[in-house]
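See structure below.
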Amino acid sequence: MGKSFAVIGDPIDHSLSPNIHNAAFRELDLDSSYIAYRIPKGELKEGIEGLKQIKINGFNVTIPHKIEMMKYLDKIDESCSIIGAVNTVVNNDGILKGYNTDMDGFLDPFRKKEINISNAKILLLGAGGAARAIVAGFAKEKAKKITIANRTLQNADKLSEFAKKLGLESETKTINEIEGTLEDYDIIVNATSIGLKNEQSPISFEGLKEKTVVYDIVYMPMNTDFIKKAKEKKATIIFGYEMLLGQAVRAFEIWHDREAPYNAMKRALLGGF
Ligand SMILES: NC(=O)c1ccc[n+]([C@@H]2O[C@H](COP(=O)([O-])OP(=O)(O)OC[C@H]3O[C@@H](n4cnc5c(N)ncnc54)[C@H](OP(=O)(O)O)[C@@H]3O)[C@@H](O)[C@H]2O)c1
């Protein structure tokens with residue numbers, strides 16, 4: 001019998017995940033399907049019961065359920081327990097096991113481009129759910145130090161405590177405080193949601209060193225103002241879609257236990273823009 005997969009969240013209409021996974025199934029001639037399934041906030045429990053009834057083989061979890069979904073897991077992979085949020089679930093005869101592929105997805109472009117993280121000085125803008133997976137990634141790859149800048153300093157402080165617990169040296173600043181200090185960093189990441197609605201970049205990039213790695217995890221639009229301004233300064237760019245692709249590839253490998261067809265998935269994703 002064919003296998004079935006889904007992404008659950010709300011809103012979910014514009015999710016690119018069905019395109020990416022269905023392209024992989026076509027490429028490998030797999031008898032599987034992947035759909036977007038809207039589950040509103042407050043209806044997660046019932047939604048999951050429904051997915052179990054149709055014997056779904058696995059699903060991705062996105063906003064607003066990534067943290068609440070932890071409650072409904074029977075088994076928790078380490079990737080998931082460290083971050084405290086789940087984005088990929090395997091259903092094994094009603095036993096749900098949770099994984100978090102955002103961290104590997106985030107790190108994937110560094111590996112592909114052979115960009116070294118160990119000993120790098122990092123500036124991270126944002127302190128939400130995605131930023132937490134990113135901090136775990138930088139800790140794993142032994143970055144030298146991370147500066148976390150966020151609108152709400154209290155959230156940055158909390159994330160900084162998490163970084164320290166993982167053995168990563170860390171400090172916090174407000175976004176205003178970092179203007180004029182960009183030459184101090186090797187890698188700058190935007191993990192705020194600024195850009196999604198075509199907002200201006202949260203920083204001006206004044207004084208950026210050429211070749212500094214600038215990574216925007218916002219993937220829609222592809223060329224955010226943050227990316228455009230960094231390009232003008234001749235930065236090395238990593239796009240948000242590269243993380244999205246990386247997390248999908250990792251989820252595919254967890255579900256299907258084989259290498260994912262990266263290029264077919266990338267073509268499908270880029271066709272969605
Ligand atoms: N490429 C990928 O695969 C991928 C994966 C995950 C997420 N994302 C994207 O990453 C972004 C963040 O996701 P998330 O799940 O971490 O969201 P989240 O938990 O809601 O966190 C949002 C972050 O953005 C900040 N922020 C929001 N609006 C702001 C504004 N107007 N000015 C300054 N700061 C603002 C928040 O600051 P406060 O703490 O002050 O509220 C917080 O740090 C989203 O755009 C999402 O689409 C991409």
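What follows draws every value from the coordinates through simple rules; no lab data is involved. Source: prediction; values computed, not measured. Cβ atoms come from the backbone with ideal geometry, glycine included; neighbour counts cover every protein chain shown.
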Across Lys71/Lys140; Lys140/Lys234; Lys173/Lys211; Lys142/Lys234; Lys144/Lys165, pairs whose alpha-carbon gap is larger than 22 Å: Lys71/Lys140; Lys140/Lys234; Lys173/Lys211; Lys142/Lys234
Calculate how steeply helix 153-165 sits against the longest principal axis of the alpha-carbon atoms of the chain, using the helix alpha-carbon long axis, and give the answer as 0 to 90 degrees to the nearest 10. 80 degrees
Hey, got a sec? Which trypsin sites (Lys or Arg not before Pro) in segment 1-97 land in a DSSP loop and have at most 16 other Cβ atoms within 10 Å? Lys41, Lys55
Mean residue ellipticity (222 nm) of the chain, computed from DSSP H runs ≥ 4 via -39,500 (n - 2.57), nearest 500: -11000 deg cm²/dmol
Let me spell out the model: positive unit charges on the Cβ of Lys and Arg, negative unit charges on the Cβ of Asp and Glu, origin at the Cα centre of segment 104-238. What dipole size does that give, in debye rounded to 20? 300 debye
Cleavage-rule hits (trypsin sites (Lys or Arg not before Pro)) in segment 201-230: DSSP loop, at most 12 neighbouring Cβ within 10 angstrom: Lys211
Considering all alpha-carbon pairs of segment 104-238, what whole percent are spaced by more than 25 angstrom? 16 percent
Most fluctuating of Gly42, Gly126, Gly246 in the GNM of the chain (C-alpha, under 10 Å) is Gly42
